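Below is one structure, written out as structure tokens, with a few remarks after it.
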Amino acid sequence: MPVVRFVREACDVVCPVGTNLRELALAEGLQLYGLKGQLGNCGGCGQCSTCFIEVVAERDGAALSERTAVEDQKLRRRPPSWRLACQVLVLDSVAVLTRPQVGRDSLAKQLQKACLEPLPIAELSDEL
Ligand code: FES
């Protein structure tokens, strides 16, 4: 199963293929939203542009679902590595930075480490 490495939060989360990244982050209690999104967001409909994540590293180059038409529209003026978490399905192990618009410079060491460390794949347990 894929592992999502949340760089800012320094945690790895195992999830089934096809998991929505926004739902995964919220289920783990991670702060996905900046101040604007905390005050109000669209609940995952792709309309508020507040659930930004940056793709830092991918295990095999295509760890997330392709950009949606909503993302093409909403992310026109953002770096190509940014996605809207609510539009993303996890397909393989990936390292992401939540809220890339906030305090990115202070995370330089963690980002470098995330790029260099191989991303794991969780094995299914025999006990399942
Ligand atoms: S939650 Fe509103 S765009 Fe993702």
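The values are calculated or read from the model by the stated rules, or taken from the named source; none is laboratory data. No experiment lies behind these values; they were computed from the predicted model shown. Ideal geometry is used to build each Cβ from the backbone, glycine not excepted, and the neighbour counts take in all protein chains shown. Ligands, DNA and RNA are excluded from the accessible area calculation, which covers all protein heavy atoms including side chains. Shrake-Rupley method; radii C 1.70, N 1.55, O 1.52, S 1.80 Å.
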### Task
Examine region 113-125 for a residue that is out of contact with any Pro (no Cβ under 9 Å at 6 or more places or on another chain), modelled with pLDDT of 90 or more and open to solvent by less than 30 Å² (accessible area, probe 1.4 Å), and state whether such a residue exists.
no
### Summary
Filter region 6-33 for residues that are surrounded by fewer than 17 Cβ atoms within 10 Å (Cβ to Cβ) and among the small types (Gly, Ala, Ser); the one that is farthest from the ligand (Cβ to nearest atom) is 10
### Task
Look at region 73-128 and say how many of its residues are in a helix (DSSP H, G or I) and acidic (Asp, Glu).
1
### Matching residues in region 89-112 - criterion: being farther than 12 Å from residue 54 by Cβ and either open to solvent by less than 20 Å² (accessible area, probe 1.4 Å) or among the charged types (D, E, K, R) (or both)
90, 92, 93, 105, 109
### Task
Determine whether residue 86 is surrounded by 13 or more Cβ atoms within 10 Å (Cβ to Cβ), touching a residue at least 60 places away in the same chain (Cβ under 8 Å), in contact with a helix residue (DSSP H, G or I) (Cβ under 6 Å, 6 or more places away or on another chain) and under 16 Å from residue 1 (Cα atoms).
no
### Task
Please work out which residue is farthest from residue 108 (Cα to Cα), limiting yourself to region 42-81 and to residues that are of a type in the set (A, V, I, L, M, F, W, C), surrounded by 17 or more Cβ atoms within 10 Å (Cβ to Cβ) and without any contact (Cβ under 8 Å) to a residue 60 or more places away in the chain.
48
